Amino acid sequence: MKAVLMEGFGGVEVLSLGEVERPAAGEGQVLVRVCATSINRPDLVQREGKYPPPPGDSVILGLEVAGVIEELGPGVTGWQVGERVMTLVGGGGYAEYAVAYAGHLMHIPESMSFEEAACVCESYITAFLNVFMIGELKDRQTAILHGGGGGVNTAAIQLAKALTPNAKLIVTAHTSKLERVKELGADLVNDYVQNPDFTELVKEYTGKKGVDLILDHVGAKYLAPNMNSLGYKGRLVIIGVTSGIKAELNLALMMVKRQQIIGSVLRSRPVPEKAEIVAEFTRRAIPKFADRTIVPIIEKVFSIDQVVDAHRMMEEDKHFGKIVLKIQ
């Protein structure tokens, strides 16, 4: 089968289109003929040699796929060859065929294209897991979402507006993305280029109460302003550390305000745990995709032989929403 291969680790120059042996579905797995996948930030980190796949998963890049079931592995029930599915994968998405666990599959609603479906699993499930299942955002609460133009945070805005329509969203974004973030539903937008310290803005907006939840992928640089912006019993969910991994923390303030700091990753979670997350996402969120309340935001669709250009777009960070890779 065709697949995107890596010649060592490094920049986009290590990527090339080649041929590899088609994988086979194991116990509890299915083989998916991949129609589309998407580019995610962890793909770039893996390409650089800093984010290896979990043991047993494919070394080929790609964390989500949309396609058609080609074969059922031993022990798989409830699914049929030919069904349109979207799914998380531990690796292997940048290829014509990928193996996925049956418990991680979701039917693609009739209203969705393969390209739209390729956007759902990594970004929207990550956002759903961390904003709702871990962060426990409720209606009429207030949240800060950092990096409003990226896939996870545009997903978080859409999900929050659909599932908790009375929640207030403060979104930090690059100057070039402010208007689109507002249009997507942010209640307050902060330009992190012009105003890197957002604490005073948050205090003014919340009447000094602070926010209930912060979803952060920045890490060290934002730890202090995040904690200063959290209210009583507020939750800081950290899903990335793009600015570094070490920072000082005022433990006394954290204790007095009974705040929580929660670290979270999706890829390395056990297979059964991922299945539980997918099931809850399917129950609560998929109906919103089916009726087009939520429509995945696609910046651009590249063909598989344009993977270098797709990675460059992600690196330049000028996209809004998702970058899709059409496989076939």
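What the table below lists for this structure:
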quantity	calculated
Any hit, region 124-141, residues being over 21 Å from the mean Cα position of the chain (by Cα) and modelled with pLDDT under 95	no
Residue check for Ile277: touching a residue at least 12 places away in the same chain (Cβ under 8 Å), closer than 22 Å to Leu178 by Cα and touching a Phe, Trp or Tyr at 6+ places or on another chain (Cβ under 9 Å)	no
Test: residue in region 317-324 that is of a type in the set (Asp, Glu), on the phi > 0 side of the Ramachandran plot, assigned by TED's automatic domain parsing to the domain that holds Phe114 and surrounded by 13 or more Cβ atoms within 10 Å (Cβ to Cβ)	yes
Filter result (crowded, with 24+ Cβ neighbours inside 10 Å and part of a strand (DSSP E or B)) within region 115-162	Ala143, Ile144, Leu145, His146
Close pairs (6 angstrom Cβ cut-off, 6 or more residues apart or separate chains): within 12 Å of Leu230 (Cα to Cα) in region 245-263, not in a helix (DSSP H, G or I) and not hydrophobic (A, V, I, L, M, F, W, C) anywhere	Lys257/Tyr232; Arg258/Lys233; Gln259/Gly234; Gln260/Arg235
Selection within region 101-159 - among the charged types (D, E, K, R), outside the structural domain of Arg180 (by TED's automatic domain parsing) and over 21 Å from Leu325 (Cβ atoms)	Glu110
Unique match (being modelled with pLDDT of 95 or more and within 17 Å of Val171 (Cβ to Cβ)) among Val193, Val218, Val202	Val202
Residues being part of a loop (DSSP other than H, G, I, E, B), closer than 17 Å to Arg140 by Cβ and within 20 Å of the chain's Cα centre (by Cα) - total across region 163-191	3
Test: residue in region 197-207 that is loosely packed, with under 15 Cβ neighbours inside 10 Å and in contact with a strand residue (DSSP E or B) (Cβ under 7 Å, 6 or more places away or on another chain)	no
Number of the exception - Met112 against (1) touching a helix residue (DSSP H, G or I) at 6+ places or on another chain (Cβ under 7 Å); (2) touching a residue at least 60 places away in the same chain (Cβ under 8 Å); (3) farther than 18 Å from Gly240 by Cα; (4) in a helix (DSSP H, G or I)	(4)
Test: Glu116 is more than 19 Å from Asp212 (Cβ to Cβ) and acidic (Asp, Glu)	yes
Options Leu63, Leu44; residue that is more than 20 Å from His107 (Cβ to Cβ) and either within 25 Å of the chain's Cα centre (by Cα) or surrounded by 14 or more Cβ atoms within 10 Å (Cβ to Cβ) (or both)	Leu44
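The values are calculated or read from the model by the stated rules, or taken from the named source; none is laboratory data. It should be emphasised that the depicted structure is a prediction, and the values quoted were computed from it without experimental measurement. Here Cβ is always computed from backbone atoms with ideal geometry, including for glycine, and neighbour counts include all displayed protein chains.
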